[in-house]
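What follows is a set of notes on a single structure, which appears directly below.
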Amino acid sequence: MTIAPQDGTVAPPLPDPPVSPTPLYPNNRFKRHLSELFRLALPVTIARLGMLIMSVVDTIVVGNYDSAGLAYLNVAHTPFTSLMVTGIGLLTGVMIITSHAKGRGDLMAAGAVWRNVMPYCLLIGILFTILTWQSDWLFAATGQPAEITKNAGELAVILSIGMPAAMIYITCAFFLEGLQRPLPGMVMMIGANLINLVLDYGLVYGAFGLPELGAEGAAWTSSVIRWFMALSLLGYVLLMKSHHLYGIRTGFSGWWRGSREARHLGYAAGASQGMETSAFAAMQLFAGRLGVVAAASYGIAMTMLALMFMVALGLASATSVRVGIAYGRRDRPDMALAGWIGLLTTMAVMLCLSIPIYLFPSAVSHLFTQDLSVIATTVSVLVLMPIIFPTDGGQNAAISALRGAGDKWAPTILHLVSYIFVMIPAGYYLTFVMEMGVPGLFWGIVIASLVAVCGLAIRFKIVSGREIPAYVKRT
């Protein structure tokens, strides 16, 4: 608008008012977030599912080959999975800081996140390989039978070889997901699963001219496939057409200082993931103390829980990216809406996924084993999944929303309380004192998940009500 002054000259136009961040659908933010959540979550979920489908295939193939071998493999996966998930937490900052940089439109800063964290992820991988290699002392110290300690310890050594590869793959996948480019990780995972299916069956049963190795064959397959995925996705990042926009090939000098922000976010997330996974590992070891049947049944039920949890993890990762992008452009209302939509959608999806398992627990159990005693015990815990799925998935979505909003240690403290100080004592009490057996372990999970999702939701309500601080570039 212009105002003509009295002398007849034309005054300059008044400056436009400050414009707040404009959503893609300004009249329907809910629709935008829901659409973007599923668009991003679908390939991420497929990739996350792919990671676990390989373990499910291991469980099915080995379980039908030998129930004792299944128990050994389940126990061997306990320290490996605990450390790998801790590593995922330590590297979570890659996805979050990358999404913040994308929200600001700073592509070089996004690429610097990947370059600075790659050497760090290799250090983590080497350290965790050494720790996994020495798992047999953990099995002995936790009272596992001598048979399980010996055989599970040997399998853990084989699994440890794939640990550095897992860290490389996770770093590359998180970087691409932070850029809202999850399709390459999904494609790599689908290819890996096809190879795994053939190789796993071949090495366990001795098919296709391969040696018959039983559970050891499944462990070797896992390590080989992890290296295939790592090198494939690493090659994609280095060779992608837009690599020059992100400075991908400009070297790793100053990586320790440059990775500071991502590492510090990861310390909190890694501690959180590590405590949660270690708590679940303690439950697996409790099951091992009950014998081979209990260990096998717990492993099957946890495989189903973990399989469906990958769906929640895909939605949670998408939630973290959506919250992180809104945080990067300092749009607090949009950030809050992204978090709540992610949390509620995740819980609703997880509830729907639990219904078939609740209705057909025996059919699900038969997929993994033909041992009637293992099936009977497994059925007794699968009926709890409509309670466990939504709460466990919801707590992951809530903590991902908090990470996307830059919250570090409060979610970690809530996880400490829920899974270390609630789940482990409750699980032990119900299992051994109340003599509920394996179902007691899962009731402990129910109680801890309820505590976690409620506490994290309250925390997100507090964090999303605060003003977002201005971005300060660290030198």
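The values are calculated or read from the model by the stated rules, or taken from the named source; none is laboratory data. What you see is a predicted model, and the numbers here were worked out from it, not measured in a lab. Here the Cβ positions follow ideal geometry from the backbone for every residue, glycine too, while neighbour counts run over all protein chains shown. Surface areas here come from the heavy atoms of the whole protein model, side chains and all, with no ligands, DNA or RNA. Shrake-Rupley method; radii C 1.70, N 1.55, O 1.52, S 1.80 Å.
Among residues other than ALA47 with Cβ under 15 Å from its Cβ, the summed charge is +3 (Lys and Arg +1, Asp and Glu -1).
Each residue was assigned an accessible area with a 1.4 Å probe, and for ILE420 the value is about 50 Å². Couplings 3J(HN,Hα) of the range 235-245, computed from phi: x, 4, 4, 5, 9, 4, 4, 8, 4, 5, 5 Hz, in residue order, whole Hz [Karplus 6.51 cos²θ - 1.76 cosθ + 1.60, θ = phi - 60°; x for Gly and Pro].
For the chain, a simple Cβ point-charge model (Lys and Arg +1, Asp and Glu -1, everything else neutral) yields a dipole of about 1700 debye relative to the Cα centre. Within the chain, the longest run free of trypsin sites (Lys or Arg not before Pro) that sit in a DSSP loop with at most 14 other Cβ atoms within 10 Å is 1-240.
Here the range 88-153 and the range 169-209 have alpha carbon centers that stand 18 Å from each other. Seen through its C-alpha gyration tensor, with square-root eigenvalues sorted a ≥ b ≥ c, the range 184-288 comes out oblate because a/c lies at 1.5 or above while a/b is not bigger than b/c. In sequence order, the range 147-164 has phi-based couplings of 5, 5, 4, 5, 6, 5, x, 5, 5, 5, 4, 5, 4, 4, 4, x, 5, x Hz under the Karplus curve 6.51 cos²θ - 1.76 cosθ + 1.60, θ = phi - 60°, and Gly or Pro positions carry x. Summed over the residues of the range 227-358 and divided among them, the accessible surface reaches 37 Å² per residue at a probe radius of 1.4 Å. Placing +1 on the Cβ of every Lys and Arg and -1 on the Cβ of every Asp and Glu, with no other charges, gives the range 208-354 a dipole of roughly 640 debye about its Cα centre. Its relative contact order, with pairs defined as Cα atoms under 8 Å and 6+ residues apart, puts the range 342-475 at 27 percent.
Summing Lys and Arg as +1 and Asp and Glu as -1 over all other residues whose Cβ lies under 14 Å from the Cβ of MET186 gives a net charge of +2.
3J(HN,Hα) couplings calculated from phi for the range 246-258 with the Karplus curve 6.51 cos²θ - 1.76 cosθ + 1.60 (θ = phi - 60°) are, in sequence order, 9, x, 4, 9, 8, x, 10, 4, x, 5, 5, 5, x Hz; Gly and Pro show x.
Of the solvent-accessible surface of the range 207-268, computed with a 1.4 Å probe and all protein chains present, 64% belongs to carbon and sulfur.
For the range 250-388, the gyration tensor built on C-alpha atoms gives an oblate shape. Its axis ratio a/c (a ≥ b ≥ c) is at least 1.5, and a/b is not larger than b/c. Whenever you get a sec, compute what percent of the accessible area on the range 60-184 sits on carbon and sulfur atoms (1.4 Å probe). So the carbon and sulfur contribution to the accessible surface is 70 percent.
As a fraction of the 1.4 Å probe accessible area of the range 308-401, surface on carbon and sulfur atoms comes out at 76 percent. Of all lysines in the structure, those lying under 23 Å Cα to Cα from LYS102, and not within fewer than 8 positions of it along the same chain, are LYS31, LYS241, LYS408, LYS473. Accessible area per residue was computed with a 1.4 Å probe on protein heavy atoms; CYS352 scores about 90 Å².
Remark: the range 110-150 carries 46 Å² of accessible area per residue (probe radius 1.4 Å; ligands, DNA and RNA excluded).
Average accessible surface for the range 365-475: 42 Å² per residue, computed with a 1.4 Å probe over protein heavy atoms with every protein chain in place.
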